[in-house]
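In what follows, a structure is listed as structure tokens, so that the remarks can point back to it.
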Amino acid sequence: MRLTLRALISHGRVARRMGLGPESRINMLRNILTGLVRHERIETTRARADEVQFYAEKLIDYGKRGDTDEKAMHMANFWLTEKDLLPKLFKVLAPRFENQRKGYTRIARLPNRENLDRASMAVLEYKGNPFPPLFPVKQENELTLINQLLKGYREEKAQLAGQRES
């Protein structure tokens, strides 16, 4: 990609240009967000996942207000194109994140798509979903250098504490 002055100066444009115009961008974001609420994990391009992440977090914030709040219900009604997902938002997803203030979603990078456009891909998911984790859980290994040093330090500390007591 050739870097031009046009690419560097935004002139007040805040949002990415995705789709054919602002209305198609909003519709695309609504559809991706609806899929995310339904499946709790979606695979999309990295730019779209990055853009949808903000709206997914705001939707959970509105969901935490409860379905009796008028503004929360209006926003959920706007962003979710399938109205059967409203109870899932308010009764399943919002209680899951009741004790968290932010950071409800996670983006994981995937290899580029293999077709002609070679678009960079990502997985966007809500944390705490029922699927297997994207990244394997690191297991503690007692044989690593740092763990051996910590083990020796703890043993020395216990010996010194035992000598002081006696």
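Miscellaneous remarks
- A simple packing score, the average count of other Cβ atoms within 10 Å per residue, orders the peptides 34-45, 60-71 as 34-45, 60-71, with the highest score first.
- Accessible surface of residue 146, taken over heavy atoms with a 1.4 Å probe and every protein chain present, rounds to 110 Å².
- Taken over the chain, the percentage of Cα pairs per 5 Å bin, counting from 0 up to the bin with the maximum distance, is 1, 7, 12, 14, 14, 11, 9, 7, 6, 5, 5, 4, 2, 1, 1, 0.
- Solvent-accessible area, 1.4 Å probe, carbon plus sulfur percent, for the chain: 54
- Cross-link pairs exceeding 31 Å between alpha carbons, from the set 71/102; 102/138; 102/157: 102/157.
- Computed [θ] at 222 nm, deg cm²/dmol, the chain (DSSP H ≥ 4; -39,500 (n - 2.57); rounded to nearest 500): -14500 deg cm²/dmol
- Computed over protein heavy atoms with a 1.4 angstrom probe, the accessible surface ordering of 137, 123, largest first, is 137, 123.
- Residue-normalised accessible area of the chain, expressed per residue, 1.4 Å probe, Å²: 74
- Size of electric dipole in the chain: Cβ of Lys, Arg +1 and of Asp, Glu -1, about Cα centre, debye, nearest 20: 600
The values are calculated or read from the model by the stated rules, or taken from the named source; none is laboratory data. The shown structure was predicted, so the numbers you read here are calculated from the model rather than taken from an experiment. Counting neighbours? That spans all protein chains shown, and the Cβs are built from the backbone with ideal geometry, glycine included. Only protein heavy atoms, including side chains, enter the accessible area calculation; ligands, DNA and RNA are left aside. Shrake-Rupley method; radii C 1.70, N 1.55, O 1.52, S 1.80 Å.
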